[in-house]
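Q: Let me give you the structure first, and then I'll get to my questions.
The values are calculated or read from the model by the stated rules, or taken from the named source; none is laboratory data. Bear in mind that the values here come from a model prediction, so they are computed numbers and not experimental data. No Cβ is skipped: glycine too gets one built from the backbone with ideal geometry, and neighbour counts run over all protein chains shown.
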Amino acid sequence: MDSCRTNKMIGLIAIGAGASSLIALIPVAGTIVATVAVALYTIGGGVLAYNNADGNGVKIKVLRNPFTKKLYPYWVRPQ
């Protein structure tokens, strides 16, 4: 993925983290779910930003579930 797309993805992840943090304002049930969501968004955005620091984009390795055909990312590295 080139650096421009990676930067857009990082921006979208930041937007999702901000939206999830608003859910934390809901008493009790929303707090735990939103905290976990914000943590995952922040870690994911940080990993992409760190690997895209040179401005060359990133390579994302994925695993494919043979039954459901869904893709799961498991490794990110700079190009």
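Q: In the stretch 55-78, which residues are under 16 Å from residue 9 (Cα atoms) and either in a loop (DSSP other than H, G, I, E, B) or of a type in the set (S, T, N, Q) (or both)?
A: 55, 56, 57
Q: So if I check each of 33, 76, 62, which one is modelled with pLDDT under 90, on the phi < 0 side of the Ramachandran plot and not small (Gly, Ala, Ser)?
A: From the options 33, 76, 62, the qualifying one is 33.
Q: I would also like to ask the following. Inside the stretch 56-66, can you point out the residues that are under 19 Å from residue 79 (Cβ atoms) and of a type outside the set (S, T, N, Q)?
A: Going residue by residue through the stretch 56-66, those that are under 19 Å from residue 79 (Cβ atoms) are 56-62.
Hits for the stretch 56-66 are 57, 58, 59, 60, 61, 62.
Q: Continuing with this model, one more query. Of the residues that sit in the stretch 18-55 and are touching a Ser or Thr at 6+ places or on another chain (Cβ under 7 Å) and closer than 29 Å to residue 79 by Cβ, which one is surrounded by the fewest Cβ atoms within 10 Å (Cβ to Cβ)?
A: The selected residue is 55.
Q: Got at least one residue in the stretch 6-13 being of a type in the set (Lys, Arg), surrounded by 10 or more Cβ atoms within 10 Å (Cβ to Cβ) and touching a strand residue (DSSP E or B) at 6+ places or on another chain (Cβ under 6 Å)?
A: no
Q: Provide a single number: the residues in the stretch 59-79 that are more than 13 Å from the chain's Cα centre (by Cα) and surrounded by 12 or more Cβ atoms within 10 Å (Cβ to Cβ).
A: Here the count works out to 3.
Q: Kindly list, by first and then second residue, each pair from a residue in the stretch 23-43 that is within 20 Å of residue 9 (Cβ to Cβ) and free of Cβ contacts under 8 Å to residues at least 24 places away in the same chain to a residue that is surrounded by 15 or more Cβ atoms within 10 Å (Cβ to Cβ) and among the hydrophobic types (A, V, I, L, M, F, W, C), limited to pairs with Cβ atoms under 6 Å and residues at least 6 apart or on different chains.
A: Cβ pairs passing all conditions: 38/17.
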